[in-house]
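Undergrad: What follows is a single structure, and I will ask about it in a moment.
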């Protein structure tokens, strides 16, 4: 999906991510926990917001099912590695990558000639239930 235009594209990206995971469950019989769906929408929102806010031109978002995760990749036109700021409860804003790193099983940035790809893998299962916690 292409992220362009105003910030309404972020809401559309969250909606498309939910539809993608719902279809993966119903059409491909992929087990997707409700918690995983929510985390995926959060990661899509944070990566999409960063791409729209910090890079000129269009950004691309790609979702793929890989083994037991959904891979969320945001591609933009700025070939600069983003910074995850140290935790600071007094800071307002700039927590997006902290959130993504905390939500993801795996998180990495790949610089390219034309920009960068930021990728996060979100577990499709709900670890809280595996640990015996209730949602």
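Throughout, read-outs are computed from the coordinates displayed, never taken from laboratory work. Owing to the predicted nature of the structure, the values given are computational and were not obtained by experimental measurement. Because the Cβ atoms are built from the backbone with ideal geometry, glycine has one as well, and the counts that use them run over all protein chains shown.
Undergrad: Compute the helix-to-body angle for 34-54: its Cα long axis versus the longest principal axis of the chain, expressed 0 to 90° and rounded to tens.
TA: With rounding to tens, the tilt is 0 degrees.
Undergrad: Expressed in nm to one decimal, what extension gain is obtained for the pair residue 102 and residue 62 from 0.36 nm per residue of sequence separation less their Cα-Cα distance? Show your work: numbers first, answer last.
TA: Details: separation 40, 0.36 × 40 = 14.40 nm, distance 1.99 nm.
The span from residue 102 to residue 62 would gain 12.4 nm if fully extended.
Undergrad: By per-residue mean of other Cβ atoms within 10 Å, what is the highest-first order of 106-113, 62-69?
TA: The packing order, highest mean first, is 62-69, 106-113.
Undergrad: Have a look at 30, 118, 44 and tell me which one the Gaussian network model of the chain (Cα, springs below 10 Å) gives the largest fluctuation.
TA: The residue that fluctuates most here is 30.
Undergrad: Across all directions of projection, what mean area in square nanometres is found for the Cα convex hull of the chain? Kindly include the intermediate steps, with their values, before the conclusion.
TA: Numbers: hull surface 36.0 nm².
Average of the hull's projected areas for the chain equals 9.0 nm².
Undergrad: Can you tell me how much longer the chain between residue 91 and residue 29 gets when fully stretched, taken as 0.36 nm per residue apart minus their C-alpha distance, in nm with one decimal? All intermediate terms of the calculation are to be shown ahead of the outcome.
TA: Numbers: separation 62, 0.36 × 62 = 22.32 nm, distance 4.21 nm.
Between residue 91 and residue 29, full extension yields 18.1 nm more.
Undergrad: Taking the Cα atoms only, what angle lies between the long axis of helix 8-28 and the longest principal axis of the chain, rounded to 10 degrees?
TA: Helix 8-28 and the main axis of the chain meet at about 30 degrees.
Undergrad: Connecting C-alpha atoms closer than 10 Å in a GNM of the chain, tell me which of 75, 28, 90 has the biggest fluctuation.
TA: Sorting by GNM fluctuation, first place goes to 90.
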